[in-house]
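Student: Please see the structure below; I have some questions.
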């Protein structure tokens, strides 16, 4: 008789996103046989991190973790499979990357304990609580919503000889990234 299916919440942290490791990390979970059932890119608030890491709030390194986890985008993922939480933790490795098994994500991509590249829920109950925070809570809007803004299909750009009093279409179409908000720094436009 097989193990019951579980969901596991895993976060690809800001350093891994900056270093371009997201695809490699996703491949590790896929190679293990887990199935991706949820994914989004967000820039987390301090409140989200505090809610996610309540067990660690009294640790001396917690303020550094808060600063790190809010320093850039995070890829939140939900993986499904038999014993998904234990399987994900095996792939990720121990909290201290220098003590993680060779071939684990933390052993391969980390040196520092606070700036690990991946978070993983430990139990189905923890996963349920964390999925609630990251996928169904009142957290920040996913970054892709900022990138894929909208504008009129045929805005009057002037100089085309058209009558300036002509009504333009009110329909909306996707904006190319060059006109949208920058994915890494919401204060900048894409391409800057």
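The values are calculated or read from the model by the stated rules, or taken from the named source; none is laboratory data. All figures in this text were calculated on a predicted structure; none of them were measured in a lab. Here the Cβ is made from the backbone with ideal geometry for all residues, glycine too, and neighbour counts use every protein chain on show.
Student: In the set 20, 38, which member is under 18 Å from the mean Cα position of the chain (by Cα) and part of a loop (DSSP other than H, G, I, E, B)?
Tutor: Just a single option satisfies the conditions, and that option is 20.
Student: Return the only residue of 38, 20 being in the same structural domain as residue 103 (by TED's automatic domain parsing) and at positive phi. Don't jump to the end; show me each part of the working.
Tutor: On the way: 38 fails: at positive phi.
Of 38, 20, the one residue that is in the same structural domain as residue 103 (by TED's automatic domain parsing) and at positive phi is 20.
Student: Can you tell me which residue within region 114-146, out of those that are under 23 Å from residue 84 (Cα atoms), over 12 Å from the mean Cα position of the chain (by Cα) and in a loop (DSSP other than H, G, I, E, B), is modelled with the lowest pLDDT?
Tutor: Per the stated criteria, the residue is 137.
Student: Are any of the residues in region 89-110 at pLDDT 95 or above, in contact with a helix residue (DSSP H, G or I) (Cβ under 6 Å, 6 or more places away or on another chain), part of a strand (DSSP E or B) and in the same structural domain as residue 29 (by TED's automatic domain parsing)?
Tutor: no
Student: A further question follows. Condition first: outside any helix (DSSP H, G or I) and in contact with a strand residue (DSSP E or B) (Cβ under 7 Å, 6 or more places away or on another chain). Now tell me which residues in region 44-88 satisfy that.
Tutor: 44, 73, 74, 75, 76, 77, 78, 79, 80, 81, 82, 83
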